[in-house]
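Remarks on the structure that follows.
The values are calculated or read from the model by the stated rules, or taken from the named source; none is laboratory data. Quick caveat, the model's predicted, so the values are computed rather than measured. Using ideal geometry, Cβ is built from the backbone for each residue, glycine included, and neighbour counts are taken over all protein chains shown. Only protein heavy atoms, including side chains, enter the accessible area calculation; ligands, DNA and RNA are left aside. Shrake-Rupley method; radii C 1.70, N 1.55, O 1.52, S 1.80 Å.
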Amino acid sequence: MPLPSLAGLDPISGDTCEKLLARFRFTGFTSKLVSEADGFFSGTLRAPRLPIVRFWLERRPEPGATLARLFVYDATLGETEARDALSPELFEHLLDAGVVERSGGGVRSLFLVHPVDPGIYVLSDRLDAGRDAVMGPGGGTEHLARLVPAAFEGRALDLGCGAGTLALVAARRGAKRAVGVDLNPRAIELSRFNTRLNGLDAEFFAGNGVEPVENESFDLVLSQPPFVGRPSEQEERTFLFGGARGDELALAFLAAVPSVLAPGGRAFFLLQSAEREGEPLTTRVRRVLGDSAPHLLVLSGGGPTPATQASVFASFEDPSFGEEYARSARRYLEHFEKLGIAAFGGALVVLSRPTPALGDGRYALGLTLRGPHYDAVSLETFLRSLDLVETPDDVLERSQLRLSPHVRSTLELVDDPNAPGTPAQSAVLRVAAPGIGSDWPVAPAELEVLRAIDASPSVRAALDAIVQAAPALASLRDELLGFVRNALLRGALVRGG
Ligand SMILES: C[S@@+](CC[C@H](N)C(=O)[O-])C[C@H]1O[C@@H](n2cnc3c(N)ncnc32)[C@H](O)[C@@H]1O
């Protein structure tokens, strides 16, 4: 299907945008409805899901379900049904603008319109609509959107913004400046329309990576870069391919972002990365960050198999699953095989630029999580705590730390590290969702140290009390501080106050 023209969007007036938004909200066409509809059949491929989700929506009482069928799930509606759902006035406006069209005796939408929490509506293209199709909000976009603090007053950059969703979420949450950049000029046009549609304040620039904003700095950078490896015979798709291997563009973005990250700023990158023997993603990112490295955290989880990926991407080439689907799936599978990709892993890569007061030390931490169950608050709590891991002793000693509210301790028999093969009783600390951390066996005396720190106004006060009670520990102060740093890395201790 060719890309629809954007020429009709410009003349849509501010008044019509307001009425459209009010209509969407009033009829119950909301992100809650769409996520319930998605939940009815959450298979991976879009085409076979559509008729089944439409069936579910047809049984919903709210008129917004009709709008969801039209704008999210590719339904052709009867003209009366479309007029009633939109109102006759808005129906005519959208027809004039070329957003909807009469087709085969009914009405269909030429664009997707997705509601996104918090109450934003995003117009975008169907992903099978050619090389410059503009990606709207998907599961990954929504994951990143949830990491934008509920009240965010800083400057946000949406790098590779597609239809502008993440910049608009930041603007809605209070960003004093929200900017999006995309290589695809069509993405910029759609993002600008979406800004008007939602009555928000955000700026969008066409260009490569951070180039259009190289003289600015941001407190929050959000990016879901294209991360798929392109087989040489496969037609280019701007939103999808990150190079022949797949991670080239993401690594280039990661290398460039520190130059626009303000002190205290964070960059969140969401990607699916091909897992390659001996080359974990943390190592690849560390390498491209070089000496000027910010802090690096990589939270990894499971991802789809190469077979699933091949099937999803081939369905963009031929959504009817015909000959071209078969050829394309084969091209992907051969390409992944040639690259030696056994699996894909989902990852959130976080770069943090510490404030000068925290010193020059840097950490690089990779954690494998059981699921992406963290939220904006638990992630920020973990990151604020990690900010202390490489600080000078004095800064760490002055800090107030608490046991994470998500940490659970169980008594287990584990191998004694000093006498392998001899089980010893040990407390195992585990961080439950939505907290972030890793399992950590600690000796009973170590658990007491953590509890003492939890009960003290500062690490220093806790260590002083411990040394006073057991003077023999005075010579072990450095080891105790090392233990505290490890507790921060494990997510067991978090910054208080
Ligand atoms: C996977 S889409 C993500 C879209 C959007 N951020 C989201 O999460 O919904 C990646 C986007 O990166 C853009 N892109 C590709 N190469 C780029 C480059 N060199 N510089 C800037 N943007 C680029 C694509 O056009 C596409 O819009």
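Based on Cβ point charges of +1 for Lys and Arg and -1 for Asp and Glu, what charge dipole magnitude is obtained for the range 92-221 about its Cα centre, in debye rounded to the nearest 20?
Working: 13 positive and 18 negative charges, 55 e Å.
Computed about the Cα centre, the dipole is about 260 debye.
Have a look at P115, V407, L147 and report the one farthest towards the positive end of the charge dipole of the chain, computed about the Cα centre with Cβ charges (Lys/Arg +1, Asp/Glu -1).
The one lying farthest along the dipole's positive direction is V407.
Over the range 387-495, one equal point on each Cα, no solvent: what is log10 I(q)/I(0) by the Debye formula at q = 0.10, 0.18, 0.20, 0.22 Å⁻¹?
Calculated log10 I(q)/I(0) at the listed q: -0.29, -0.91, -1.09, -1.24.
With a 1.4 Å probe and all protein chains kept in place, how do Y325, Y332 rank by accessible area, largest first?
Working: Y325 50, Y332 0 Å².
Largest accessible area first, the residues go Y325, Y332.
Compute, for D415, the solvent-accessible surface of its heavy atoms (probe 1.4 Å) with the complete set of protein chains present, and express it in square angstrom to the nearest 10.
Using a 1.4 Å probe on the heavy atoms, I get roughly 90 Å².
For the range 184-212 and the range 321-342, compute the distance between their C-alpha centroids and round to whole Å.
Using only Cα atoms to place each centre, the spacing works out to 33 Å.
So if each residue of separation counts as 0.36 nm, and I subtract the Cα-Cα distance between T80 and A293, what length gain in nm does that give?
Details: separation 213, 0.36 × 213 = 76.68 nm, distance 5.91 nm.
Roughly 70.8 nm would be gained on extension.
Any idea how far apart L481 and D464 come out in nm if each label point goes 7 Å out from Cα toward Cβ?
Each label point is offset 7 Å from its Cα along the Cβ direction, giving 1.6 nm.
How much accessible surface does S456 have with a 1.4 Å probe, in Å² rounded to 10?
20
For the range 214-296, just the Cα set please: Rg and Dmax, both in angstrom.
Cα radius of gyration and Dmax of the range 214-296 are 13.7, 43 Å respectively.
How large is the convex hull of the C-alpha atoms of the range 136-250 per residue, in Å³? Working shown, then result.
Working: hull volume 11.1 nm³, N = 115.
Spelled out: Cα convex hull of the range 136-250, divided by residues, is 96 Å³.
Ignoring any ligand, DNA or RNA, what whole percent of the accessible area of the chain comes from carbon and sulfur when the probe is 1.4 angstrom?
On the way: 11450 of 21390 Å².
Taking all protein chains in place, the chain shows 54 percent carbon and sulfur surface.
Using the Cβ atoms and a cut-off under 13 Å, what net charge is assigned to the surroundings of V53, where Lys and Arg are +1 and Asp and Glu are -1?
Working: positive: R46, R49, R54, R59, R60, R69; negative: E36, D38, E58, D74.
Overall, the nearby charge balance is +2.
Restricting to Cα atoms and excluding each atom paired with itself, what does the Kirkwood estimate give for the range 1-110 in Å? Working shown, then result.
On the way: mean 1/r = 0.0689 Å⁻¹.
Radius from the Kirkwood sum: 14.5 Å.
Given points 7 Å out from each Cα along the Cα-Cβ axis, report the I52 to D117 separation in nanometres with one decimal.
The answer from the label model is 2.4 nm.
Give me the three principal axis extents of the range 277-380 from the C-alpha atoms, as integers in angstrom, largest value leading.
Extents along the principal axes: 61, 30, 21 Å.
Scaled to the compact-protein estimate 2.2 N^0.38 Å, what is the alpha-carbon radius of gyration of the chain, rounded to two decimal places? List each step's numbers first, then the result.
Details: Rg = 25.5 Å, N = 497, 2.2 N^0.38 = 23.3 Å.
Rg over 2.2 N^0.38 Å, computed on Cα atoms: 1.09.
Among L348, Y332, A293, whose Cα sits farthest toward the positive end of the charge dipole of the range 284-353 (+1 at Cβ of Lys/Arg, -1 at Cβ of Asp/Glu, about the Cα centre)?
Positive-most Cα among the choices belongs to A293.
Restricting to DSSP loop positions (anything but H, G, I, E, B) with no more than 12 other Cβ atoms inside 10 Å of their own Cβ, which GluC sites (Glu not before Pro) remain in the range 3-90?
Numbers: sites: E18, E36, E58, E79, E81, E89; in loops: none.
Counting only loop positions with at most 12 other Cβ atoms within 10 Å, none of the GluC sites (Glu not before Pro) in the range 3-90 qualifies.
Which three extents, in angstrom, do the Cα atoms of the range 332-449 have along their principal axes, listed largest first?
Largest first, the range 332-449 extends 55, 46, 26 Å along its Cα principal axes.
How high is the relative contact order of the range 23-104, given as a whole-number percent (alpha carbon pairs under 8 Å, six or more residues apart)?
Details: 61 pairs, mean separation 22.0, N = 82.
It rounds to 27 percent for the range 23-104.
If you average the alpha carbon positions of the range 1-70 and of the range 462-484, how far apart do those two centres end up, in angstrom?
Using only Cα atoms, the two centres lie 61 Å from each other.
Per the Kirkwood definition applied to all pairs of different Cα atoms, how many angstroms is the hydrodynamic radius of the range 195-255?
Values: mean 1/r = 0.0734 Å⁻¹.
By the Kirkwood definition, the hydrodynamic radius is 13.6 Å.
Using only alpha carbon pairs under 8 Å that are at least six residues apart, calculate the relative contact order of the chain and give it in whole percent.
Values: 962 pairs, mean separation 48.7, N = 497.
Once divided by the residue count of the chain, the mean separation gives 10 percent.
Once you charge only the Cβ atoms, +1 for Lys and Arg and -1 for Asp and Glu, what is the size of the charge dipole of the chain about its Cα centre, to the nearest 20 debye?
Using only the charged Cβ atoms, the result is roughly 600 debye.
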